[in-house]
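To start, the structure itself, in structure tokens.
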Amino acid sequence: MRFRVVIKRVKAGGEPRFDAFDVEADPSESVLDVVERISLEKDRTLAFEHACHHGVCGACGMVINGVERLACITRIGEVAKGGVVVLEPLRGFKVISDLAVDKSRMFGKYKLVTPSTLEIVDGGLQEVQLEKLYDCIECGICYSACPIANTFPEYLGPSLLALISKSDDGKVPAVVDSRAGVWACHAAFECSVRCPVGFKPGESIMRLRRRLLKGELRVEG
């Protein structure tokens, strides 16, 4: 089946543009498979990110026909409209090139909270810093889908607040109980709807709010 794949191109020093590629593909093929074919056969300068091809690493997040998705687990036949698929980089991030974005504005927020947990190390309990969010693949889709994260750079963001809500030590950093934290969320729940692994950050943020209002959490700092 023939599809027209329209890709937003952004190169250093140049104006954004849309390039169209006509490709033959089985409707069951993933969008990522088709993008890789375009890169190999039609335009070797096309920039995009990928790794696992199984929805685990979170690298291939992009906006597909207006909706944030992982390209590796999205079948092109299910999202094409009239045989056309439009691909754009995730919103709210600096574009490195084409579909590749710089997620440092998301990862940079982690150090504001520095969550930790207790683990057994060398036979004893030690406090260690968490390096990865529970059940989260850090794809950035929730940031892209969130109307607040897109317009309010100080906002901690859905995935980080969701991580904090899963901490059970009874305390949170002061920034969580601020206009940059849980109170910035407008409860649009786009983060939960778009999350490819069912992490549901929106519900976790609401849970944090309730616990703060009930005085169940100690605010520190």
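The values are calculated or read from the model by the stated rules, or taken from the named source; none is laboratory data. Here the structure is a predicted model, which is why all the values come from computation and not from measurement. Counting neighbours? That spans all protein chains shown, and the Cβs are built from the backbone with ideal geometry, glycine included.
Please state which one of His50, His54 is loosely packed, with under 15 Cβ neighbours inside 10 Å and part of a loop (DSSP other than H, G, I, E, B).
Matching residue, one of His50, His54: His54.
Looking at region 200-219, I want the residues that are more than 18 Å from Gly157 (Cα to Cα) and have a partner that is in a helix (DSSP H, G or I) and among the small types (Gly, Ala, Ser) with Cβ atoms under 9 Å, at least 6 apart or on another chain. Which pairs are those?
Final answer for the pair search is Arg211/Ser165; Val219/Ala174.
Tally time: how many residues in region 175-191 are in contact (Cβ under 8 Å) with a residue 40 or more places away in the chain and not charged (D, E, K, R)?
Qualifying residue count, region 175-191: 4.
Taking the options Phe18, Phe48, name whichever one is in contact with a helix residue (DSSP H, G or I) (Cβ under 7 Å, 6 or more places away or on another chain), among the aromatic types (Phe, Trp, Tyr) and outside the structural domain of Cys146 (by TED's automatic domain parsing).
Phe48
Which numbered condition trips up Cys191, out of (1) touching a Leu at 6+ places or on another chain (Cβ under 9 Å); (2) crowded, with 22+ Cβ neighbours inside 10 Å?
Here Cys191 clears every test but (1).
Does any residue of region 5-13 turn out to be in contact with a Leu (Cβ under 9 Å, 6 or more places away or on another chain), within 22 Å of Ile141 (Cβ to Cβ), outside any loop (DSSP other than H, G, I, E, B) and among the basic types (Lys, Arg)?
yes
Looking only at residues in region 58-82 that are assigned to a loop (DSSP other than H, G, I, E, B) and buried (at least 17 other Cβ atoms within 10 Å of the Cβ), which one is farthest from the chain's Cα centre (by Cα)? Spell out the reasoning first.
Initially, region 58-82 is screened for residues assigned to a loop (DSSP other than H, G, I, E, B), giving 58-60, 65-66, 74, 80, 82.
If we keep only those that are buried (at least 17 other Cβ atoms within 10 Å of the Cβ) as well, we get 58-60, 74, 80.
Working: Gly58: 8, Ala59: 9, Cys60: 10, Thr74: 15, Ala80: 22 Å.
Once the filter is applied, the top-ranked residue is Ala80.
Taking the criterion of being within 18 Å of the chain's Cα centre (by Cα), surrounded by 24 or more Cβ atoms within 10 Å (Cβ to Cβ), within 24 Å of Leu70 (Cα to Cα) and assigned by TED's automatic domain parsing to the domain that holds Arg210, would at least one residue in region 163-182 satisfy it?
No.
Could you tell me whether any residue of region 83-93 is surrounded by fewer than 18 Cβ atoms within 10 Å (Cβ to Cβ) and part of a strand (DSSP E or B)?
yes
Determine if region 31-44 includes at least one residue that is buried (at least 19 other Cβ atoms within 10 Å of the Cβ), touching a residue at least 24 places away in the same chain (Cβ under 8 Å) and part of a loop (DSSP other than H, G, I, E, B).
No, region 31-44 has no match at all.
Which one is nearest to Asn150 (Cα to Cα) among residues in region 51-81 that are touching a helix residue (DSSP H, G or I) at 6+ places or on another chain (Cβ under 6 Å) and at pLDDT below 95? First the steps, then the outcome.
Initial filter on region 51-81 (touching a helix residue (DSSP H, G or I) at 6+ places or on another chain (Cβ under 6 Å)): 53, 55, 60-62, 64-65, 68, 71-72, 74, 76.
Applying the additional criterion that residues be at pLDDT below 95 yields 53, 55.
On the way: His53: 27, Gly55: 24 Å.
Ranking the candidates gives Gly55 first.
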